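The structure appears right after this line, and notes come after that.
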Protein chains: 2
Amino acid sequence: MPPPIEDEWPAVCLVRPQMGENIGAVARVMLNFGLTSLRLVAPRDRWPNPKAEVVAVGADHVLKQAKVEWKLEDALADATLVLAATARPRGMEKPVWGPREAAEKIRSAINAGERPVVMFGPEAHGMESDEIAKADAILTLPVNPGFASLNLANAVAVFAYANAEARDGPAAPAWFRDTVNPPATQAELEAMFTHLEEELERGRFFHPLDKAPLMKRNLRALFLRARLTDQETRTMRGIIKALTIGRGGRKIDDV
Amino acid sequence: MPPPIEDEWPAVCLVRPQMGENIGAVARVMLNFGLTSLRLVAPRDRWPNPKAEVVAVGADHVLKQAKVEWKLEDALADATLVLAATARPRGMEKPVWGPREAAEKIRSAINAGERPVVMFGPEAHGMESDEIAKADAILTLPVNPGFASLNLANAVAVFAYANAEARDGPAAPAWFRDTVNPPATQAELEAMFTHLEEELERGRFFHPLDKAPLMKRNLRALFLRARLTDQETRTMRGIIKALTIGRGGRKIDDV
């Protein structure tokens, strides 16, 4: 298993967050996707907040390292690229990016040594216009226009996922592949097909005989489509043996 | 604003969910991304569950329409494509898809008239191997190997987002664009540049004179890069007027 991912950038900035539980849930999902820099601007309740700690589960260090500021300007002081996550159009002329596009811009910025920060507004009302005005671009999620209000941690989850995908590539994580068996080689498959076809011939499976080549091709297609592993070819050969053991020279029509 | 999105497929199937709050949070984020078909297999607590209703906020109808079954087989009976969301490798030889790839496969299946269902396991332990075995493919999220355990609703959020993006395309939602002003036309931009350049010439901005064409090109590039709207070109012209009003025939070197 590869080492844990703990990226400093992008930072996530919660603007006037209300419920401690939501702050904890944000910390947890940030770390789920390898993000660790949390900034809080004027949290409603006292900080540190025990309710946040309960929900953060194993992401306590994200909470402990969180920078708390009373002014948004201070929380953004070192940022070179600021995104505001908001579903609501405000008539501001800024670039509007979906999660994937935002994640790609953020990747490029980080690669160029920049320090991107993504702002998320408070639970009930979202950010104020003057807060959004500080952003270089809007991050908007493709939500249902009939039911657009996202839970705070769910919104951060979608962004953090998109960021992880832009960072690591869209494929399934490599550590998953390491645990599955390697695919079968052509030689292993060929040996399995030969074994199977021989036993099927002994059982007069292929009739009429002039259809045998076609039947064999279809049979091969079926197993090739399944993309067997080496282990599975061995399993298949065990199955063929188990099915034919003791059959001796009997043909199907002897039964 | 376009009509609400309420898609029947894919269905989301929660296998042995524990906390009512999590079921409600799943219903909410499903509807946030336009999904409405929820299936529950052997929920731990009684159903209907008031705690789920509190958290679902405006997604009550997703909860009310939820199908509750005691056996997973019954919940999957009508499905033609089953995905199991799990981060844990189990040595099973199934296709492993990330959210984006899973969403694309699901789109293709729906377009072909299929009925895809995505299973998510219980909060504490995930699904059992015999439950995962019913799936055609594994949905795996690109999580931090050092902190992989996702909150249930956050996992559904990431999938539902990927599904929405595959459905609607990766662009920012169209209803966002409708509310911003249209981009400026070439004629509007040209009139603005002419106005600006005339006033700058009056102020002897362009010197030495042989550099004027280059300076004008650079100035245009700056404003073109900002991709002004029609309203902004009017604003700019107002700014030019405001800055030059009363200046009369004075030149910079008259000051």
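One residue stands out among those in the stretch B:128-137 that are among the hydrophobic types (A, V, I, L, M, F, W, C) and surrounded by fewer than 23 Cβ atoms within 10 Å (Cβ to Cβ): the one that is farthest from B:ARG44 (Cα to Cα), which is B:ALA137. Can you say whether A:PRO99 is in contact with a helix residue (DSSP H, G or I) (Cβ under 6 Å, 6 or more places away or on another chain) and either under 24 Å from A:GLY24 (Cβ atoms) or surrounded by 15 or more Cβ atoms within 10 Å (Cβ to Cβ) (or both), as far as the supplied structure shows? Taking the combined requirement at face value, the residue satisfies it. With respect to the conditions (1) crowded, with 16+ Cβ neighbours inside 10 Å; (2) closer than 28 Å to A:GLY146 by Cβ; (3) not small (Gly, Ala, Ser), B:LEU72 lacks only one, and its number is (2). Sub-9 Å Cβ pairs linking a first residue in the stretch A:197-225 that is under 26 Å from A:GLY246 (Cβ atoms) to a second residue that is of a type in the set (Phe, Trp, Tyr) and part of a helix (DSSP H, G or I), at least 6 apart or interchain, are A:LYS216/A:PHE193; A:LEU219/A:PHE193; A:PHE223/A:PHE193, ordered by first then second residue.
If a residue has to be facing chain A (nearest Cβ under 10 Å), part of a helix (DSSP H, G or I) and not β-branched (Val, Ile, Thr) to count, how many in the stretch B:128-162 make the cut? Let's see the steps before the verdict.
Let us first name the residues in the stretch B:128-162 that are facing chain A (nearest Cβ under 10 Å), namely B:138-151, B:153-162.
Those left that are additionally part of a helix (DSSP H, G or I): B:153-162.
After this cut, where a residue has to be not β-branched (Val, Ile, Thr) as well, the list is B:153-155, B:157, B:159-162.
The total comes to 8.
How many residues are within 13 Å of chain B (Cβ to nearest Cβ), open to solvent by 60 Å² or more (accessible area, probe 1.4 Å) and not in a loop (DSSP other than H, G, I, E, B) when one looks only at the stretch A:212-230? Of the residues in the stretch A:212-230, 1 are within 13 Å of chain B (Cβ to nearest Cβ), open to solvent by 60 Å² or more (accessible area, probe 1.4 Å) and not in a loop (DSSP other than H, G, I, E, B).
Only one of the numbered conditions (1) farther than 16 Å from B:PRO10 by Cα; (2) open to solvent by less than 70 Å² (accessible area, probe 1.4 Å) is not met by B:VAL156, and that is (1).
Taking the conditions (1) touching a helix residue (DSSP H, G or I) at 6+ places or on another chain (Cβ under 9 Å); (2) at pLDDT 95 or above; (3) more than 14 Å from every other protein chain (Cβ to nearest Cβ); (4) open to solvent by 20 Å² or more (accessible area, probe 1.4 Å) in turn, A:GLN65 satisfies each one other than (1).
Matching residues to (1) of a type outside the set (A, V, I, L, M); (2) in contact (Cβ under 8 Å) with a residue 40 or more places away in the chain; (3) in a helix (DSSP H, G or I):
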position: A:LEU14; (1), (2), (3): no, yes, no
position: A:VAL29; (1), (2), (3): no, yes, yes
position: A:LYS51; (1), (2), (3): yes, no, yes
position: A:ALA79; (1), (2), (3): no, yes, no
position: A:ALA84; (1), (2), (3): no, yes, no
position: A:LYS94; (1), (2), (3): yes, yes, no
position: A:ARG100; (1), (2), (3): yes, yes, yes
position: A:GLU104; (1), (2), (3): yes, yes, yes
position: A:SER108; (1), (2), (3): yes, no, yes
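Here A:ALA77 fits the description: open to solvent by 40 Å² or more (accessible area, probe 1.4 Å), of a type in the set (A, V, I, L, M) and touching a strand residue (DSSP E or B) at 6+ places or on another chain (Cβ under 9 Å).
Answer yes or no as to whether A:ARG202 is surrounded by 12 or more Cβ atoms within 10 Å (Cβ to Cβ) and modelled with pLDDT of 80 or more. Give the steps one after another, and end with the answer.
Values: surrounded by 12 or more Cβ atoms within 10 Å (Cβ to Cβ): yes; modelled with pLDDT of 80 or more: yes.
So A:ARG202 passes the test.
Residues in the stretch A:23-62 that are open to solvent by 20 Å² or more (accessible area, probe 1.4 Å), farther than 24 Å from A:ARG167 by Cβ and not basic (Lys, Arg): A:ALA42, A:ASP45, A:TRP47, A:PRO48, A:PRO50, A:GLU53, A:VAL54, A:VAL55.
Scanning the stretch A:19-42 for residues that are over 22 Å from A:VAL158 (Cα atoms) and touching an Asp or Glu at 6+ places or on another chain (Cβ under 8 Å) turns up at least one hit. Selection of the stretch B:113-125 for residues being under 17 Å from B:TRP97 (Cβ atoms) and assigned to a loop (DSSP other than H, G, I, E, B) yields B:GLU114, B:GLY121.
The values are calculated or read from the model by the stated rules, or taken from the named source; none is laboratory data. Note that the structure is a prediction, hence the values are computed from the model and not measured. Note: ideal-geometry Cβ built from the backbone for every residue, glycine included; neighbour counts use all protein chains shown. These accessible areas exclude ligands, DNA and RNA; they are computed on the full protein's heavy atoms, side chains included. Shrake-Rupley method; radii C 1.70, N 1.55, O 1.52, S 1.80 Å.
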